[in-house]
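**Student:** Below you'll find the structure I mean.
Where a number appears in this text, it was derived from the coordinates with a stated rule and is not lab data. On a predicted model such as this, the values are computed, not experimentally measured, just so you know. Positions of Cβ are generated from backbone atoms using ideal geometry, with glycine treated the same way; all protein chains shown enter the neighbour counts.
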Amino acid sequence: MKIYTKKGDKGITGLIGGTRISKKSLRIDSYGTIDELNSFIGLVRDFEIDSKTKIQLIEIQDRLFTIGSSLAADPEKSSMKLPSLSDEDICNLENWIDEMNLTLPEMRFFVLPGGHQAVSFCHVARCVCRRAERIVVELSDLEFVDPIVLSYLNRLSDYLFTVCRKLSQDFGAVEEIWKPRL
């Protein structure tokens, strides 16, 4: 399989199902942002973090490929069997959040992103996740998007925030409290 086809040289690409659309379309932006999120999660995974979190991040990356394939398919023309998300995927995120929160100090203030490179990249991933969610919400106002995708992205940003806090604790990084000037 060649890596280049030259079919996109004029700013048009194909969806699963054969539909050709502009690369600036909301659908392309949605799964492109999911791909960006997946890459940042891979970057976080490349740090020396605990194996349990690495395994969770690999599973999340798999789910992001599932979301990307769903978003890359024409909802009206694609008949290809694609992987799908389940309620269990969302429950996993919730359980992992709850488990991490057992060892984290109670949140009483907003914290500034930073403290360690792994934490900072995880915050970037969280922000990209929120952007992906906003784009997918906009897309869902115009075309069909499986509602579980929105639920998963919403919960994933909560998970990533919790991982940021856990990594801060694991690396002994100080969580800088935001002190608003009033």
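**Student:** List every residue pair whose Cβ atoms lie under 8 Å apart, where the two residues are 6 or more positions apart in sequence or sit on different chains, the first residue falls within the range 139-160 and is closer than 26 Å to Pro113 by Cα, and the second residue, located anywhere, is assigned to a helix (DSSP H, G or I) and among the acidic types (Asp, Glu).
**Tutor:** Close Cβ pairs (under 8 Å, with a partner that is assigned to a helix (DSSP H, G or I) and among the acidic types (Asp, Glu)) amount to Leu150/Glu133; Tyr152/Asp89; Leu153/Glu133; Asn154/Glu133; Arg155/Glu94; Ser157/Glu133.
**Student:** Check off (1) more than 19 Å from the chain's Cα centre (by Cα); (2) more than 19 Å from Tyr159 (Cβ to Cβ); (3) in contact (Cβ under 8 Å) with a residue 12 or more places away in the chain for Ser70 and give me the number that stays unchecked.
**Tutor:** The number of the failed condition is (1).
**Student:** I'm trying to understand the selection: among the residues of the range 147-182, which are assigned to a loop (DSSP other than H, G, I, E, B), surrounded by 14 or more Cβ atoms within 10 Å (Cβ to Cβ) and out of contact with any Leu (no Cβ under 7 Å at 6 or more places or on another chain)? Spell out how you get there, then give the answer.
**Tutor:** First, the residues of the range 147-182 that are assigned to a loop (DSSP other than H, G, I, E, B): 172-176, 178-182.
Then keep just the ones that are surrounded by 14 or more Cβ atoms within 10 Å (Cβ to Cβ); that gives 173, 175-176.
Ala173, Glu175, listed by residue number.
So that you can scan it fast, the table gives a plain yes or no per residue for (1) in contact (Cβ under 8 Å) with a residue 60 or more places away in the chain; (2) more than 21 Å from Leu26 (Cβ to Cβ); (3) more than 11 Å from the chain's Cα centre (by Cα):
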{"position": "Leu64", "(1), (2), (3)": "no, no, no"}
{"position": "Ser79", "(1), (2), (3)": "yes, yes, yes"}
{"position": "Glu88", "(1), (2), (3)": "no, yes, yes"}
{"position": "Met100", "(1), (2), (3)": "yes, yes, yes"}
{"position": "Gly115", "(1), (2), (3)": "yes, yes, yes"}
{"position": "Val128", "(1), (2), (3)": "yes, no, no"}
{"position": "Arg131", "(1), (2), (3)": "yes, no, no"}
{"position": "Arg134", "(1), (2), (3)": "no, no, yes"}
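**Student:** Could you please find all residues in the range 32-47 being free of Cβ contacts under 8 Å to residues at least 40 places away in the same chain and more than 27 Å from Leu15 (Cβ to Cβ)? So that I can check it myself, show each step before the final result.
**Tutor:** Of all residues in the range 32-47, those free of Cβ contacts under 8 Å to residues at least 40 places away in the same chain come to 32, 35, 38-39, 42, 45-46.
Across the range 32-47, the qualifying residues are Arg45, Asp46.
**Student:** Restricting the range 26-56 to residues that are surrounded by 15 or more Cβ atoms within 10 Å (Cβ to Cβ) and of a type in the set (S, T, N, Q), which is nearest to the chain's Cα centre (by Cα)?
**Tutor:** Result: Asn38.
**Student:** Using beta carbons and a limit of 7 Å, which pairs, at least six apart or on different chains, have the first residue in the range 1-18 and closer than 13 Å to Leu71 by Cα and in contact (Cβ under 8 Å) with a residue 24 or more places away in the chain and the second one in a loop (DSSP other than H, G, I, E, B) and among the aliphatic types (A, V, I, L, M)?
**Tutor:** Matching pairs, first to second residue: Leu15/Ala72; Ile16/Ala72; Ile16/Met80.
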